[in-house]
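See below for the structure under consideration.
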Amino acid sequence: FLCISANALVPNAHTNVPTRRDVLGQAASSFLVPLVIGTLPANALEGCGRASHNCIRTAWVAPSSITTPSGVAQTIRDVLNTYPQKGQAGVDCNGWKIVNDALESDAAIITLEFKSCVGPAALAINLGQPFIDDLKLEIGKDASDKFKVNVLSKSRMGSTDVSVNRKRLIYLGNQLKEKGWSVPDPKYPYEMSP
């Protein structure tokens, strides 16, 4: 149901009667303002639901030997490129891709999509298509001024992910640990103390 006040109608220049295009254009422009105002601020990853079983939010801290954002970005890209396209530990069998790489910009974020294996759940629930998970990594600094990477790994669909996000982050985290990074064990929100 769409309500438009009479003064919101803009008449067509030739007939003095508003066209559907005029009415719909005016209505659409009034809906765009809330969408723009409601977006996340720059450099802020969204969180996970408090009791989430399909989303992990954590942070990885770079060693003090990495002193520039470009050094962090290069390490992150190198580690991501070690992740097998055919997945690992029984997850992400249908590959992954970088959707947006803005690590070198003011946003300092990279977004990836991972595609699941096609098992019974995908056959039953997702019409035989792989499930898609999103991984977002954002460069920032911690309280001691060390570089860190904020991490969000989240399933797009379902209320649980059968530890897929955890397995992915363990793999990537182990690669970073070998390079001297501080990487906590990935935990779902429901596993954390209140």
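The values are calculated or read from the model by the stated rules, or taken from the named source; none is laboratory data. Please read these numbers as outputs of a predicted model, since none were measured by experiment. Positions of Cβ are backbone-derived with ideal geometry, glycine not excepted, and every protein chain shown enters the neighbour counts. Heavy atoms of the whole protein, side chains included, go into the accessibility calculation; ligands, DNA and RNA do not. Shrake-Rupley method; radii C 1.70, N 1.55, O 1.52, S 1.80 Å.
In table form, for the structure just shown:
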quantity	calculated
Extended-chain gain in nm, criterion 0.36 nm per residue less alpha-carbon gap, Asp142 and Ile170	8.0 nm
Average accessible area per residue (Å²) across segment 108-194 - probe 1.4 Å, nucleic acids and ligands excluded	51
Förster radius 30 Å - calculated FRET efficiency between Asp134 and Ser70, Cβ distance, rounded to 0.05	0.80
21 Å Cα-Cα reach of Lys177 towards lysines, excluding residues that sit fewer than 8 places from it in its own chain	Lys136, Lys141, Lys146, Lys148, Lys167, Lys187
Mean separation of Cα contacts under 8 Å, 6 or more apart, over the residue count of segment 100-192: relative contact order %	18
Gain on full stretching of the segment that runs from Gln88 to Val118 - 0.36 nm per residue minus C-alpha separation	9.4 nm
Amide N of segment 174-194 lying under 14 Å from the label point, which is placed 7 angstrom from the Cα of Asn126 along Cα→Cβ	none
Relative contact order computed over segment 137-176 (Cα-Cα under 8 Å; 6+ residues apart), in percent	25
Pair Asp78, Glu46: separation of 7 Å Cα→Cβ label points (nm)	3.3
